[in-house]
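Novice: Can you keep this structure in mind? I'll have questions shortly.
The values are calculated or read from the model by the stated rules, or taken from the named source; none is laboratory data. On a predicted model such as this, the values are computed, not experimentally measured, just so you know. Heads up, the Cβs are rebuilt from the backbone with ideal geometry, glycines too, and the neighbour counts pull from every protein chain shown.
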């Protein structure tokens with residue numbers, strides 16, 4: 001058992017809301033079509049002057065305030081995002097400076113929708129090694145910046161938001177919080193969900209802009225099938241590897257990509273709806289921010305309490321796959 005626990009949580013979403021009715025005036029779609037296929041009713045959209053780091057800072061400050069600690073006590077900062085303010089410097093640098101986490105080191109972690117799970121895994125190992133006492137993991141994405149609002153297959157899916165968790169060392173004799181992880185990648189699926197341009201292979205040009213290559217491109221059918229299968233498999237294997245059964249899981253908090261994906265994977269696991277947190281109807285897919293946002297809702301609804309066994313699971317572009325088991329501590 002690794003010696004790590006989650007001790008705080010903070011979230012932020014922009015105040016502006018884009019509803020399905022709003023989208024009906026922008027692209028050929030309907031509220032009924034969106035809800036039936038995705039479960040989404042609305043999503044939050046950042047204003048033009050708000051970047052990913054701005055949302056990350058708000059979430060970080062909320063997590064610090066909840067725990068009641070000074071930002072200088074943060075040893076490391078991991079920002080999970082696919083929409084950094086810029087390619088460099090890292091968004092983690094911008095956040096570290098603005099929250100006053102002097103003395104902390106950090107980096108950006110790019111794993112798309114699995115980013116926050118990968119960040120928690122990394123933080124748990126840093127504190128368990130004894131080299132760090134307190135690590136902050138932030139999932140933040142301004143997906144509206146890379147969405148083509150003329151493409152109805154993608155523009156209905158995504159929203160903006162941020163969430164942060166603080167991971168700390170266990171006290172002497174304290175029961176473990178972090179139980180285990182199982183993360184995978186499968187690069188053969190890289191072409192099915194991507195933003196083609198903007199990197200070294202296809203730098204920005206008039207041609208890339210004219211061809212809408214700086215937006216999200218997705219083969220929805222391929223992503224759907226892979227996500228259902230792998231969310232089930234990674235969750236099943238992690239649970240069994242650590243000597244538990246699906247019945248032992250108090251709550252499943254999955255990445256919020258599509259309600260049908262979550263329900264199909266949970267059905268295969270044998271986890272009932274009463275043990276699944278789904279809030280995609282309010283936020284859409286906020287990529288790395290979905291799991292902390294869903295965790296906040298689980299706490300506020302009284303569905304996640306101290307001592308509960310919580311399973312986090314995600315599948316993202318890459319493909320990336322990840323799951324964590326934690327014993328909740330607050």
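Novice: If I ask for residues that are touching a helix residue (DSSP H, G or I) at 6+ places or on another chain (Cβ under 6 Å), closer than 22 Å to residue 248 by Cα and either in the same structural domain as residue 42 (by TED's automatic domain parsing) or not in a loop (DSSP other than H, G, I, E, B) (or both), which ones from segment 275-288 would you list?
Specialist: Result: 276, single match.
Novice: Could you figure out which of (1) farther than 15 Å from residue 285 by Cβ; (2) in contact with a helix residue (DSSP H, G or I) (Cβ under 7 Å, 6 or more places away or on another chain); (3) at pLDDT below 95 isn't true of residue 130?
Specialist: (2)
Novice: Which of the residues belonging to segment 152-203 are surrounded by fewer than 16 Cβ atoms within 10 Å (Cβ to Cβ) and at pLDDT 95 or above?
Specialist: 186, 187, 188, 190, 191, 198, 199, 200, 201, 202, 203, listed by residue number.
Novice: If you don't mind, there's one more thing I want to ask. Considering only residues that are in contact (Cβ under 8 Å) with a residue 60 or more places away in the chain and over 15 Å from the mean Cα position of the chain (by Cα), which ones fall in segment 260-281?
Specialist: Answer for segment 260-281, where residues must be in contact (Cβ under 8 Å) with a residue 60 or more places away in the chain and over 15 Å from the mean Cα position of the chain (by Cα): 260, 281.
Novice: Another question, then. Hey, which of the strands (runs of 3 or more DSSP E) in segment 1-104, taking only ones fully inside, have at least 2 residues that are free of Cβ contacts under 8 Å to residues at least 40 places away in the same chain? I'd like the intermediate steps shown before the answer.
Specialist: On the way: elements: 4-12, 17-19, 42-44, 76-80.
Passing ranges, in order: 17-19.
Novice: Out of everything in segment 98-145 that is on the phi > 0 side of the Ramachandran plot and surrounded by fewer than 18 Cβ atoms within 10 Å (Cβ to Cβ), what residue ends up being nearest to the chain's Cα centre (by Cα)?
Specialist: Top of the filtered list is 100.
Novice: Out of the residues in segment 264-274 that are part of a helix (DSSP H, G or I) and touching a helix residue (DSSP H, G or I) at 6+ places or on another chain (Cβ under 8 Å), state the one that is surrounded by the most Cβ atoms within 10 Å (Cβ to Cβ).
Specialist: Initially, segment 264-274 is screened for residues part of a helix (DSSP H, G or I), giving 264-269, 273-274.
Filter once more, keeping what is touching a helix residue (DSSP H, G or I) at 6+ places or on another chain (Cβ under 8 Å): 264-266, 268-269, 273.
On the way: 264: 18, 265: 25, 266: 23, 268: 16, 269: 21, 273: 11.
Step by step, filter segment 264-274, then rank; the result is 265.
Novice: Looking at residue 291, is it outside any loop (DSSP other than H, G, I, E, B) and either touching a helix residue (DSSP H, G or I) at 6+ places or on another chain (Cβ under 6 Å) or not assigned by TED's automatic domain parsing to the domain that holds residue 241 (or both)?
Specialist: Details: outside any loop (DSSP other than H, G, I, E, B): yes; either touching a helix residue (DSSP H, G or I) at 6+ places or on another chain (Cβ under 6 Å) or not assigned by TED's automatic domain parsing to the domain that holds residue 241 (or both): yes.
So residue 291 passes the test.
Novice: Moving to a separate point now. On the given criteria, is residue 104 assigned by TED's automatic domain parsing to the domain that holds residue 15 and under 27 Å from residue 254 (Cα atoms)? Before the answer, list the steps.
Specialist: On the way: assigned by TED's automatic domain parsing to the domain that holds residue 15: yes; under 27 Å from residue 254 (Cα atoms): no.
So residue 104 fails the test.
Novice: Name the pairs: first residue in segment 298-311 and closer than 15 Å to residue 120 by Cβ and assigned by TED's automatic domain parsing to the domain that holds residue 245, second residue outside any loop (DSSP other than H, G, I, E, B) and modelled with pLDDT under 95, Cβ to Cβ under 6 Å, at least 6 apart or on different chains?
Specialist: Listed pairs, sorted by first residue: none to list.
Novice: In segment 240-263, what residues are part of a helix (DSSP H, G or I) and out of contact with any helix residue (DSSP H, G or I) (no Cβ under 6 Å at 6 or more places or on another chain)? Write out each step before concluding.
Specialist: The first filter runs over segment 240-263 and keeps only residues part of a helix (DSSP H, G or I), leaving 240-241, 246-248, 259-263.
Matches in segment 240-263: 240, 241, 247, 248, 260, 262, 263.
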